[in-house]
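Since every read-out is calculated from the coordinates, none of them should be taken as a lab result. These numbers were taken from a predicted model, which means no experiment stands behind them. All Cβ positions, even for glycine, are placed from backbone atoms using ideal geometry, and neighbour counts span all protein chains on display.
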Amino acid sequence: MGTFSQILELDDDETHDFSKDMVLAFFGQALTTFDKMDGALTAKNLPELGSLGHFLKGSSAALGIHKVQAACEKMQHYGDLRDEQAHEDLTPEDALERIAKLIAEVKAEYKEAEGWLRKWYRGGGGPA
């Protein structure tokens, strides 16, 4: 909520047009990125998966969507054949298996965040 509150401070008025446009742009980016992730997973393209994880990590961090950010950071590292939490290298097969699970997780986390944000803006930007 802290990061999102900072973004709301950029709004000129109570219509929240600026922040709403940022959030809507993120929704579009996320959906496009998910499609690319699915394709890269099918192609077993680990560098692309890592890059897409990095990209979506930055976008979600900018809005304070921390669960998506954390899952994407893991994906970024798995794409580099590395589990940073366990401090171990991964085989390509293991990395792809973990990424497949993460993609499902990040999509679920995104849907939760999207629902909350849409509800917040539909309510006129009331207290969160």
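Looking only at region 23-33, how many residues end up being of a type in the set (A, V, I, L, M, F, W, C) and surrounded by fewer than 17 Cβ atoms within 10 Å (Cβ to Cβ)? The number of residues fulfilling the criteria is 4. Residue-level analysis places R98 outside the set of residues that are touching a strand residue (DSSP E or B) at 6+ places or on another chain (Cβ under 7 Å) and more than 23 Å from W120 (Cβ to Cβ). Just so you know, in region 34-73 the residues that are of a type in the set (V, I, T) and crowded, with 19+ Cβ neighbours inside 10 Å include one that is farthest from E93 (Cα to Cα), and it is I65. Residue count for region 1-25 satisfying the condition of being among the aliphatic types (A, V, I, L, M) and touching a Leu at 6+ places or on another chain (Cβ under 8 Å): 3. Is it fair to say T15 is among the β-branched types (V, I, T), within 30 Å of G123 (Cβ to Cβ) and out of contact with any helix residue (DSSP H, G or I) (no Cβ under 7 Å at 6 or more places or on another chain)? Against the criterion (among the β-branched types (V, I, T), within 30 Å of G123 (Cβ to Cβ) and out of contact with any helix residue (DSSP H, G or I) (no Cβ under 7 Å at 6 or more places or on another chain)), T15 qualifies. Close contacts from region 92-115, counting a first residue that is within 25 Å of G28 (Cα to Cα) and touching a residue at least 40 places away in the same chain (Cβ under 8 Å) and a second that is hydroxyl-bearing (S, T, Y) and surrounded by 13 or more Cβ atoms within 10 Å (Cβ to Cβ), with Cβ to Cβ under 6 Å and a gap of 6+ residues or different chains, come to I99/Y78. Answer yes or no: is there a residue in region 101-118 that is aromatic (F, W, Y) and within 18 Å of S19 (Cα to Cα). The answer is yes, given that some residue of region 101-118 is aromatic (F, W, Y) and within 18 Å of S19 (Cα to Cα).
Scanning region 48-94 for residues that are aliphatic (A, V, I, L, M) and farther than 26 Å from V23 by Cα gives L81, A86, L90.
Among the conditions (1) crowded, with 17+ Cβ neighbours inside 10 Å; (2) at positive phi; (3) not acidic (D, E), L96 misses just one, which is (2).
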